[in-house]
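Down below is the structure, laid out as structure tokens.
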Amino acid sequence: MPVGLYQTTSEGRILDANPALLQMLGYPDLSSLKAINVTDLCVHAEGYRRLQELLLRRDGKMRGYIAQLRRYDGSVIWAETCSRVVCDAAGQVLYHEGAIQDITERRSAEARIHYLAHHDDLTGLPNRVMFKQRLEQAIAEARRYGHKVAVLLLDMDRFKTINDTLGHDVGDGLIKAVAMRLNGCVREIDTVSRLAGDEFAFILPGLAVGEDAARVAQKILDEFAQPFWVSGYQLFISASIGIALYPADGQCVDTLLKNVDAAMYHTKEHGRSAYQFYAAEMNARAFERLALEHALRHALERNELVLHYQPQIALDSGKIVAMEALLRWRHPELGLIAPMQFIPIAEETGMIVQIGEWVLHTACAQNKVWQEAGLAPVRMAVNLSVRQLRQPNLGQMIERVLQDSRLEPRYLELELTESMLMQNAEVAIPALKALGAMGIEISIDDFGTGYSSLSYLKRLPIHALKIDRSFVCDIPADHDDAAIAMAIIAMAHNLGIRVIAEGVETAAQQGFLVDHYCDAMQGFHLSTPLPASEAVRLLACA
Ligand code: C2E
Ligand code: MG
Ligand code: MG
């Protein structure tokens, strides 16, 4: 193999080079090479500088490193270099000299070998070796951040029959088609790999709850509902899936693989085309959650959702100034379900957009009915979810609802939680400005539980802060909570924002709030959330 040889000054100016080096680097002649510095050749000059530092020890030793060099035409080669310093008898540096070999081809062959060793050649998916490495990484990360990792093992049902009856070419074609489809149903950060034959495995890192793995498993099973077309055959095939979770079902790669295997065989025994968790109690939990999700899909059309209304009073006059609409689900078997139990599911599945619109519409229409019945007009406070805030057409939707219900915008108030506002401030600021311009009031819910940036608070078009219940429940006895409540009131008033206390349950709490000039309050001390038919009576008394 041709070896390029060179001499340079200590500053890197090229003194001499052999024809092999000129050819390797594509320079037309020696003078053009002499015109540049060695650092001009290096794609990453810091590697060269580090080498220089070593060479300056002047021990005459050969030192080498692998570098990327830029050729005359701009293309880049990988080079293995070694060089040394040549000194005279007095120890004065005469010049540097060295040899360079072009190893570009060797490196790409190594990369190819690495690829082949880590991928399945039929499908191009990561193979078992790479799967294990990735799982190792995912576990390390999950340990650091307290996440869960799900491992799913999928085995096609009756694959052998297809192989035996239609031949291996069709079998291979089916494996490829399945691989393509599976790749399409996971997130970018997930890994899909082919472990062997008709066995595929998935790594789902960064999960908050184990039930999320069930959702992915169901999605994968749904993919098998459509037939596969291979060499003109229409193939209907199903799959069985096992699920094991880090850390509950195993702390290391081998245990997780062993347990996910057991879970998958369990599924096969229980009738295939399904999934099973390794831990039995997860099956029940995931089932419950999916059943709830399924039922929620029909809750709207079956009229199972209802709103309850909780009054807010002004502390100076004692008059009701607003009603907050709070969602309830009247489940045919489970009874009344609180929003915290189903709103997270509605958010995850996107159903919240439709449900949220229904809430808004129902609440605005209700408020108009009360006004038309001659009751003193109050604001209707409606809670918005993050997902709704991110909807690009939120403003238009609200405008339409207001038109349909003929409610004046000033009688609508939107509540957004502090954490959701701060985490989405860049989307929220323009969206809220637009809503504010329509004349709608905006308040920050659960204030004090998130981390507010005061500069955002100033920039957000906010009319009110709601002090979170957790700070209200221990006043006036708890001095810290009392101090926090007082600080929130003072800060808000200085910014020209109203303050309302949530979760007021006692007369002592109310007294404290009155003493410290809180503007309004809401809580069981006044009234629990009530169905419309009962809420109307409160309005009539006011
Ligand atoms: P939130 O907006 O902070 O609503 C106040 C919650 O505190 C309500 O719970 C209410 O019943 C409860 N509460 C009121 N006063 C007291 C009190 O004195 N003591 C105690 N212990 N609790 C009190 P709820 O109805 O279960 O709602 C919980 C959360 O669900 C709401 O918190 C809100 O974030 C969310 N939510 C409710 N309805 C909707 C909705 O239509 N859309 C959206 N996106 N979220 C909603
Ligand atoms: Mg609220
Ligand atoms: Mg709240």
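Values computed for the structure shown
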{"read-out": "Gyration tensor verdict on segment 300-541 (Cα atoms; rounded if a/c is under 1.5, prolate if a/b is larger than b/c, oblate otherwise)", "value": "rounded"}
{"read-out": "Computed over the chain: relative contact order in percent, which uses C-alpha pairs under 8 Å that are six or more apart", "value": "8"}
{"read-out": "Average Cα contact separation per residue, segment 2-145, under 8 Å, 6 or more apart, as relative contact order %", "value": "19"}
{"read-out": "Distance between segment 451-482 and segment 81-155 - C-alpha centres, whole angstrom", "value": "52"}
{"read-out": "Mean-position separation - Cα centroids, segment 1-67 and segment 506-542, in angstrom", "value": "82"}
{"read-out": "Fraction of beta bridges assigned by DSSP in the chain that are antiparallel (%, nearest 5)", "value": "75"}
{"read-out": "Dipole of the chain, positive direction: furthest Cα of Ala487, Leu207, Val378, with charges on the beta-carbon", "value": "Leu207"}
{"read-out": "Theoretical ellipticity at 222 nm over the chain - DSSP helices of four or more residues, -39500 (n - 2.57) apiece, nearest 500", "value": "-14000 deg cm²/dmol"}
{"read-out": "Rounded tilt (10° steps) of 280-299 against the dominant C-alpha axis of the chain", "value": "60"}
{"read-out": "Distance cut-off 16 Å, percentage of C-alpha pairs in segment 4-108 lying past it", "value": "55"}
{"read-out": "Relative packing of 182-189, 267-274, which averages over residues the other C-beta atoms within 10 Å, highest first", "value": "267-274, 182-189"}
{"read-out": "When segment 119-294 is reduced to its Cα atoms, the Kirkwood hydrodynamic radius in Å", "value": "16.3"}
{"read-out": "Relative exposure of Leu204, Leu235, judged by other C-beta atoms within 10 Å (fewest first)", "value": "Leu235, Leu204"}
{"read-out": "Rounded tilt (10° steps) of 479-494 against the dominant C-alpha axis of the chain", "value": "90"}
{"read-out": "In degrees, nearest ten, helix 339-349 long axis to first principal axis of the chain (Cα)", "value": "40"}
{"read-out": "Length gained when the stretch Arg406-Tyr517 is fully extended (0.36 nm per residue, less Cα-Cα span)", "value": "36.5 nm"}
{"read-out": "Centre separation in Å (Cα based) which lies between segment 276-335 and segment 367-423", "value": "19"}
{"read-out": "Compactness of the chain as Cα Rg over 2.2 N^0.38 Å, two decimals", "value": "1.43"}
{"read-out": "Proximal lysines to Lys34, defined as alpha-carbon separation beneath 27 angstrom and excluding residues fewer than eight positions away on the same chain", "value": "Lys61"}
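Each value in this text was obtained by applying a stated rule to the coordinates, not by laboratory testing. Quick caveat, the model's predicted, so the values are computed rather than measured. Don't worry about glycine lacking a Cβ; one is built from the backbone with ideal geometry, like all the others, and counts go over all protein chains shown.
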